[in-house]
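Report on the structure given below.
The values are calculated or read from the model by the stated rules, or taken from the named source; none is laboratory data. These figures come from a predicted structure and were not determined experimentally. Glycine also receives a Cβ, built like all others from the backbone with ideal geometry; neighbour counts cover every protein chain displayed. Calculation scope for accessible area: heavy atoms of the full protein, side chains included, ligands and nucleic acids excluded. Shrake-Rupley method; radii C 1.70, N 1.55, O 1.52, S 1.80 Å.
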Amino acid sequence: MPEPDSFSDSDPDSRPILSLLMPVYNERRTLRTIVRRVFEAPLTVPIELIAVDDGSTDGSNEVLRELAEADPRIRVLHHSRNRGKGASIRTALPHLKGEIVVIQDADLEYDPNDLPKLVQPILDGRADAVFGSRFLSGEYRRVLYYWHSLGNGLLTWLCNVLCDLNLTDMETGYKAIRADLLRQTPLKSRKFGFEPELTVRLAQWGVRLYEVAISYAGRTYLEGKKVRWVDGLRAIGVMIRCRFFDRRFTTHDGYAILVAMRKARGLNRWLLRQIEPWIGSRVLEAGCGIGNLTELLLDSDRLIATDNETFYVEMISRRFGHLENVETVEMDLTRSTDYDRIEAEGLDTIVCLNVLEHIAPDEEVLRQFFRVLQPGGHAIILVPQHPWLYTPTDQALGHERRYEEEELRQKLEAAGFEVVHQQGFNRFGTVGWYVSGKILGRDRLSPGQMRLFDLLLPVAKLIERIPGWPALSTIAVGRKPEKESSP
């Protein structure tokens, strides 16, 4: 059997772009045929096939090992007992090398000739996941069980209702997903619940999901079909669990919290109104995340959205990169050379919200802000305040600190800024943060909590007027003097 490093990392042309994960359970009669069809598919990108023998008793494992010995693109993993399709896919995930993952069943129901159009929307940069639909206008579709098609339709309908989607085929076995997304998606289903679980999780990610028509040659139970009516009931249970009870859709805690924050659009607009008087026409957003604020700054004459995470930069580029006034830049705020490329932009505003607390050398970052701003320009900084409010959520987010109000002012002044405005913000949020983190010990915010905050926004605005109530955050606006003085 080939070693896992059959592909050379030093040769980009040899590294697979597409990883096909093939769960195998007692499919000896079709294995050679499906593997041959996979490698004969008219694909233009390098591929690998990771087959997981799921405790087969019919000799499938021996066939797989024979195929792997003949082709270094095939790797074989093995379960000592049958654990299910979902478990097989989880076993394969740590071993894949490709940028795109396709689940390839080991029977002959799905035609590998459809692989090119299945992965093309991802290769084009238009999609993050693509489902092959058996109910769109494919080249052919075998006519089989009415009650199965009715069940598929009902499960797809329920999934659409729960996730606000308009899929035609949630239960399809042909799904293509970006590998980086799949690696960060916690999947628990062992058997056929994998299909609805993955679909709900992708909806919670908020990915760009496409469907393409595929051909389908379903098989009968005599031919080896394994799905039973009880799997439909399990699928319903999985969707309800993922949608309402186990909502952790990603292992990326920062992203999960940003998605939760997106649910509080009213809060984001309220925040914008606090800082709007100091926002000019040529804006740098330092730490754009998934774009919760970016989408409110799109009317700027020039908007440069930056982040140090490639994933976020790609996301913002996909969302707003078609706009002529918007540019996305991957940037490490602690690295002085990264500012060189934006120094000539004539920036009159830097907006840095909930970012500085993540950075140990925060004073150096403020000095770089001062350097690239035009005289008279403003740096608008929002950070969490009060060290006594530091909770597991702060830790999960990677916060180095929570600030005292005077600490932020002094650091801005040390960088050369005149602090022209400072205020506390979100006094109502202090209560929720303390209860969630200090009392309940939670390490993340949920979308439900943020939707509730949005509903209670009128109350939050009233509480904002109460003097002496500690605010969750502090906003400071530093102005670069018209005549520069050495910081």
Fill in the blank from the handout: Scanning region 174-186 for residues that are surrounded by fewer than 22 Cβ atoms within 10 Å (Cβ to Cβ) and either part of a loop (DSSP other than H, G, I, E, B) or polar (S, T, N, Q) (or both) gives Gln184, Thr185, Pro186
Fill in the blank from the handout: Going through region 357-385 in order, the residues found to be in contact with a strand residue (DSSP E or B) (Cβ under 8 Å, 6 or more places away or on another chain) and under 26 Å from Gly441 (Cβ atoms) are Glu357, Leu382, Val383, Pro384, Gln385
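Restricting attention to region 190-205, and to residues there that are under 15 Å from Ala87 (Cβ atoms) and either over 20 Å from the mean Cα position of the chain (by Cα) or β-branched (Val, Ile, Thr) (or both), which single residue is least open to solvent (accessible area, probe 1.4 Å)? Explain how you work it out, then say what you get.
Going through region 190-205, the residues under 15 Å from Ala87 (Cβ atoms) turn out to be 190-195, 197-198.
Next, only the ones that are either over 20 Å from the mean Cα position of the chain (by Cα) or β-branched (Val, Ile, Thr) (or both) stay: 190-193.
On the way: Arg190: 105, Lys191: 88, Phe192: 68, Gly193: 11 Å².
The extreme case among them is Gly193.
Looking only at residues in region 400-442 that are small (Gly, Ala, Ser) and over 26 Å from Arg479 (Cβ atoms), which one is surrounded by the fewest Cβ atoms within 10 Å (Cβ to Cβ)? Write out each step before concluding.
In the first step, residues of region 400-442 are kept if they are small (Gly, Ala, Ser); the result is 414-416, 424, 429, 432, 436-437, 441.
Narrowing the set further to residues that are over 26 Å from Arg479 (Cβ atoms) leaves 429, 432, 436-437, 441.
Values: Gly429: 18, Gly432: 18, Ser436: 19, Gly437: 21, Gly441: 10.
Only one residue tops the list, namely Gly441.
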Handout entry: Residue that is nearest to Glu364 (Cα to Cα) [pool: residues in region 305-344 that are in contact with a Cys (Cβ under 7 Å, 6 or more places away or on another chain) and not β-branched (Val, Ile, Thr)]
Key = Asp307
Handout entry: Single unsatisfied condition, Asn26 versus (1) more than 30 Å from the chain's Cα centre (by Cα); (2) within 26 Å of Arg183 (Cβ to Cβ); (3) modelled with pLDDT under 95
Key = (2)
Completion exercise
So, first residue closer than 19 Å to Asn308 by Cα in region 392-403, second residue modelled with pLDDT of 90 or more and not charged (D, E, K, R), Cβ within less than 6 Å, six or more apart or across chains; the pairs are Gly398/His358; Glu400/Ala360
Problem - Selection count where residues are open to solvent by 30 Å² or more (accessible area, probe 1.4 Å) and either in contact with a Phe, Trp or Tyr (Cβ under 9 Å, 6 or more places away or on another chain) or without any contact (Cβ under 8 Å) to a residue 60 or more places away in the chain (or both), scope region 359-385 - result: 6
Exercise for the section: Kindly provide the set of residues from region 256-289 that are farther than 28 Å from Glu345 by Cβ and open to solvent by less than 20 Å² (accessible area, probe 1.4 Å), ordered by number. Expected result: Ala256, Ile257, Val259, Ala260, Ala264, Gly266, Leu267, Trp270
Practice task
Keeping to region 449-464, report how many residues are open to solvent by 30 Å² or more (accessible area, probe 1.4 Å), in a helix (DSSP H, G or I) and more than 13 Å from Arg262 (Cβ to Cβ).
Solution key: 6
Completion exercise
By residue number, the members of region 22-44 that are open to solvent by 20 Å² or more (accessible area, probe 1.4 Å), over 16 Å from Arg81 (Cα atoms) and out of contact with any Pro (no Cβ under 8 Å at 6 or more places or on another chain) are Arg28, Arg29, Thr30, Arg32, Thr33, Arg36, Phe39
Exercise for the section: For region 288-318, enumerate the residues that are β-branched (Val, Ile, Thr) and under 16 Å from Leu353 (Cα atoms). Expected result: Ile290, Thr294, Ile304, Thr306
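Give the residue, chosen from Glu139, Glu66, Glu62, that is among the acidic types (Asp, Glu), modelled with pLDDT under 95 and either more than 23 Å from Val207 (Cα to Cα) or in a loop (DSSP other than H, G, I, E, B) (or both). Working first, answer last.
Values: Glu66 fails: modelled with pLDDT under 95; Glu62 fails: modelled with pLDDT under 95.
Just a single option satisfies the conditions, and that option is Glu139.
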Practice task
Write out, first by first residue and then by second, each pair whose Cβ atoms fall under 6 Å of each other, whose residues are 6+ apart or on separate chains, and whose first residue, in region 36-65, is in contact (Cβ under 8 Å) with a residue 12 or more places away in the chain while the second is buried (at least 17 other Cβ atoms within 10 Å of the Cβ) and of a type in the set (Asp, Glu).
Solution key: Ser60/Glu27; Ser60/Asp53; Asn61/Asp53; Leu64/Asp53
Exercise for the section: State whether one or more residues within region 148-169 are in contact with a helix residue (DSSP H, G or I) (Cβ under 9 Å, 6 or more places away or on another chain), under 16 Å from Ile100 (Cα atoms) and open to solvent by less than 40 Å² (accessible area, probe 1.4 Å). Expected result: no
Practice task
Mind telling me which of the residues Gly416, Gly468, Gly441, Gly424 ends up being outside any strand (DSSP E or B), of a type in the set (Gly, Ala, Ser) and within 33 Å of the chain's Cα centre (by Cα)?
Solution key: Gly441
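Any residue that is among the polar types (S, T, N, Q), open to solvent by 40 Å² or more (accessible area, probe 1.4 Å) and outside any helix (DSSP H, G or I) - is there at least one of those in region 478-486? So that I can check it myself, show each step before the final result.
Narrowing region 478-486 to residues among the polar types (S, T, N, Q): 485-486.
In the following step, the residues that additionally are open to solvent by 40 Å² or more (accessible area, probe 1.4 Å) were identified as 485-486.
Then drop every residue that is not outside any helix (DSSP H, G or I), which leaves 485-486.
Yes, the conditions are met somewhere in region 478-486.
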Completion exercise
Residue hits (region 69-103; more than 26 Å from Pro116 (Cα to Cα), at pLDDT below 95 and buried (at least 19 other Cβ atoms within 10 Å of the Cβ)) are Gly84, Ala87
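Is it fair to say Leu397 is closer than 28 Å to Val283 by Cα, among the hydrophobic types (A, V, I, L, M, F, W, C), surrounded by fewer than 18 Cβ atoms within 10 Å (Cβ to Cβ) and modelled with pLDDT under 95? Explain how you work it out, then say what you get.
Numbers: closer than 28 Å to Val283 by Cα: yes; among the hydrophobic types (A, V, I, L, M, F, W, C): yes; surrounded by fewer than 18 Cβ atoms within 10 Å (Cβ to Cβ): no; modelled with pLDDT under 95: yes.
Answer is no for this residue.
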Problem - Subset of region 45-59 (residues that are surrounded by 21 or more Cβ atoms within 10 Å (Cβ to Cβ) and in a loop (DSSP other than H, G, I, E, B)) - result: Ser56
Practice task
Output the qualifying pairs, or none if there are none: Cβ atoms under 6 angstrom, residues six or more apart or on different chains, first residue in region 309-322 and over 24 Å from Gly398 (Cα atoms), second residue open to solvent by 40 Å² or more (accessible area, probe 1.4 Å) and not in a loop (DSSP other than H, G, I, E, B).
Solution key: none
